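Below is one structure, written out as structure tokens; comments come after it.
The values are calculated or read from the model by the stated rules, or taken from the named source; none is laboratory data. Only a predicted model underlies this, so the values are computations on that prediction, with no experimental measurement involved. Backbone-built Cβ (ideal geometry, glycine too); neighbour counts: all protein chains shown.
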Amino acid sequence: MVGEERVSAEPEAARELAGLCGMLPIALCASAARLASHRRRSIARLVRELRDARRRLSMLSLDEEISVQAALDVSYNGLPEDQARLYRLVGLHPGDDFTAEVAGAAAGVDPGEAADLLDALAGAYLIEEEGEDRYRFHDLLRLHARAKAMEVESPEARLAAETRVARWFLRAAAAADLVVIPGRWHLGPVYAELRSLSPAFDSPAAALDWLEEELPNLRAVLRLAYERGLYDVAWELCEALWGLFYSRKHYADWLETHRIGIAAARELGDARAESRLSMALAYAYRDLRRYGEAADLYRRALALERANDHAVGEAAALSGLGSTCLGLNRPDEAIEYFEQARAIHERLGRPRGVTRMLRRLAEAYRDAGRLDEAADAFARAGEIFADLDEPLEQARALTGLGRTLLQAGRAGSAIEPLRRARAMAEELGARHAAAEAGMYLADALVAAGDPAGAREHLTRALEIFVDLMAPQADLVRERLASLNPQE
């Protein structure tokens, strides 16, 4: 319709145009008709206009003979009311795909009924099936469904549907988080109810896989919750994402979600929630070696926790400041912070907190050159974490032990704990922790006379660090370069 010459001149724009049309023939015909009637207009210009989702459906519906809106209306108007209602309301879900449970939450019906209605909508080609119990809209169909919701549903009904979806995701994410790190303390009230129920997943790895798969939806729902004034849901979703971010990083998503969560807590005037999320965001900054930003957030959190007489939160802020001092190569200051935090956990009778501070103290001892004390503390922390069924913390303690033995010139003894640490982290899908253990395992192998084995571990670690945009990637490149001087 447009002509081969114009399409060949702008192949990338033509591909994007097809995508914006949802690959629907009638939408492509409508786009082509607009271009054919303006022979000097570029495809890229139409693409820029169609990128605005709010205008896309109307722009493809101007021609009475080729109208996407009219074509979709024909299909929609033929639906029974229960199917039409589900179509409208699930269109308000902000994510790219959804399950029958999410659709049921949107419409306020049970998942079984929602599954039957979704099957009918798929049969009418208004949604697509994406594997087992997973569905999605074509982009234009999602816009049409939302437009119908705006036309038919009251503002109150739309907000109620969005609220049900947001709270469904909060509950599901918190249930997964409880499996990932069961011993962690929480502020969100949803956790108290969930603790009395059976675990939602068989293992931490399975829970992490679910959180990772749903992360795009969780991120979209969190943004929607903030926009709709559901500030409690927004900050509680951030808290529920901690296990995922702690284990598998996803730094860009971590920073984005927690900035929104902190803003939501401030809107509520909830100082404890603001402090909790500030510390989680500071942890990400610390990982990224943005120590100044991390320290500012930890100090703010410490002041808030002390003002609210919240001892557990105070200990967490002190621990964060200690870890930041380690990053700044000030181990003696770090030891002071960690000792204060450990004393609080001991007073409160929190063995997990006490053991985490033992591991942190071991890191500070190592950086201060107190290697025997560090090795003993790492070994004890690893044993206790095994008893507490905290595999990721155990893996971190084993990595710390291996590093310490390596620093003490005992490379042969370092290999076994580092291998165990890497294997445990890989089993959990904790890629960053696995890559870190692999990096130090490579150092031990080099010292033990196995550069080929070291190169293999470094290559794997580099792939992970680059993928996660972690700063350790540069360190691994340097190590690889030293093993391949000819390169």
Check: Of the numbered conditions (1) over 19 Å from Arg419 (Cα atoms); (2) in a helix (DSSP H, G or I), Ala470 satisfies every one except a single condition; which is it?
Finding: (2)
Check: Just checking, which of Met439, Met424 is more than 22 Å from Arg286 (Cβ to Cβ), in contact (Cβ under 8 Å) with a residue 24 or more places away in the chain, assigned to a helix (DSSP H, G or I) and not small (Gly, Ala, Ser)?
Finding: Met424
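Name every residue in the range 222-258 that is farther than 22 Å from His93 by Cα and free of Cβ contacts under 8 Å to residues at least 24 places away in the same chain, in order of residue number.
Filtering the range 222-258 for residues farther than 22 Å from His93 by Cα gives 242-252, 255.
Across the range 222-258, there are no qualifying residues.
Of the residues Ala280, Ala301, Ala317, which is closer than 19 Å to Gly261 by Cα, touching a His at 6+ places or on another chain (Cβ under 7 Å), crowded, with 22+ Cβ neighbours inside 10 Å and in contact (Cβ under 8 Å) with a residue 12 or more places away in the chain? Lay out the reasoning, then the answer.
Working: Ala301 fails: touching a His at 6+ places or on another chain (Cβ under 7 Å); Ala317 fails: touching a His at 6+ places or on another chain (Cβ under 7 Å).
Sole residue among the options that is closer than 19 Å to Gly261 by Cα, touching a His at 6+ places or on another chain (Cβ under 7 Å), crowded, with 22+ Cβ neighbours inside 10 Å and in contact (Cβ under 8 Å) with a residue 12 or more places away in the chain: Ala280.
Return a yes/no flag: does the range 287-298 have any residue that is touching a residue at least 60 places away in the same chain (Cβ under 8 Å), surrounded by fewer than 17 Cβ atoms within 10 Å (Cβ to Cβ) and more than 21 Å from Val233 (Cα to Cα).
Residues of the range 287-298 touching a residue at least 60 places away in the same chain (Cβ under 8 Å): 287-289.
From the residues that got through so far, the ones that are surrounded by fewer than 17 Cβ atoms within 10 Å (Cβ to Cβ) too are 289.
After this cut, where a residue has to be more than 21 Å from Val233 (Cα to Cα) as well, the list is 289.
Yes, the range 287-298 has at least one match.
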Notebook entry, point to check: Would you say Thr404 is farther than 22 Å from Arg352 by Cα, at pLDDT 95 or above and among the polar types (S, T, N, Q)?
Noted result: yes
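Hand me the list of helices (runs of 4 or more DSSP H) wholly inside the range 197-315 holding 2 or more residues that are over 14 Å from the mean Cα position of the chain (by Cα). Lay out the reasoning, then the answer.
Details: elements: 204-227, 231-240, 242-248, 251-268, 271-287, 291-307.
Result: 204-227, 231-240, 251-268, 271-287, 291-307.
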Margin query: Looking only at residues that are without any contact (Cβ under 8 Å) to a residue 24 or more places away in the chain and outside any helix (DSSP H, G or I) in the range 128-169, which one is nearest to Leu17 (Cα to Cα)?
Written below: Glu128
Next item on the list: Check Arg477 against each of (1) surrounded by 15 or more Cβ atoms within 10 Å (Cβ to Cβ); (2) over 21 Å from Met357 (Cβ atoms); (3) among the basic types (Lys, Arg) and name the one condition it does not meet.
Entry: (1)
Next item on the list: Specify the residue that is nearest to Trp235 (Cα to Cα); the eligible residues are those in the range 170-201 that are touching a residue at least 12 places away in the same chain (Cβ under 8 Å) and among the charged types (D, E, K, R).
Entry: Arg171
Next item on the list: Say whether the condition of being part of a helix (DSSP H, G or I), more than 24 Å from Leu480 (Cβ to Cβ) and without any contact (Cβ under 8 Å) to a residue 24 or more places away in the chain is met by at least one residue in the range 390-406.
Entry: no
Check: If we keep just the residues of the range 330-348 that are more than 20 Å from Glu393 (Cα to Cα) and basic (Lys, Arg), which is surrounded by the most Cβ atoms within 10 Å (Cβ to Cβ)?
Finding: Arg330
Check: modelled with pLDDT of 95 or more and basic (Lys, Arg) - does that describe any residue in the range 173-190?
Finding: no
Note to self: Condition check: under 25 Å from Glu81 (Cβ atoms) and aromatic (Phe, Trp, Tyr). Does Tyr191 satisfy that?
What the structure shows: no
Notebook entry, point to check: Which one of these does Pro351 not meet: (1) more than 22 Å from Ala395 (Cα to Cα); (2) surrounded by fewer than 19 Cβ atoms within 10 Å (Cβ to Cβ)?
Noted result: (1)
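Filter the range 81-134 for residues that are among the hydroxyl-bearing types (Ser, Thr, Tyr) and under 18 Å from Ala161 (Cα atoms) and give the result.
Quick first cut of the range 81-134, residues among the hydroxyl-bearing types (Ser, Thr, Tyr) only: 87, 99, 125.
Answer for the range 81-134, where residues must be among the hydroxyl-bearing types (Ser, Thr, Tyr) and under 18 Å from Ala161 (Cα atoms): Tyr87, Thr99.
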Next item on the list: For the range 221-239, state whether one or more residues are buried (at least 17 other Cβ atoms within 10 Å of the Cβ), out of contact with any His (no Cβ under 6 Å at 6 or more places or on another chain) and within 21 Å of His432 (Cα to Cα).
Entry: yes
Next item on the list: Determine, yes or no, whether Leu268 is under 22 Å from His310 (Cα atoms) and surrounded by fewer than 21 Cβ atoms within 10 Å (Cβ to Cβ).
Entry: yes
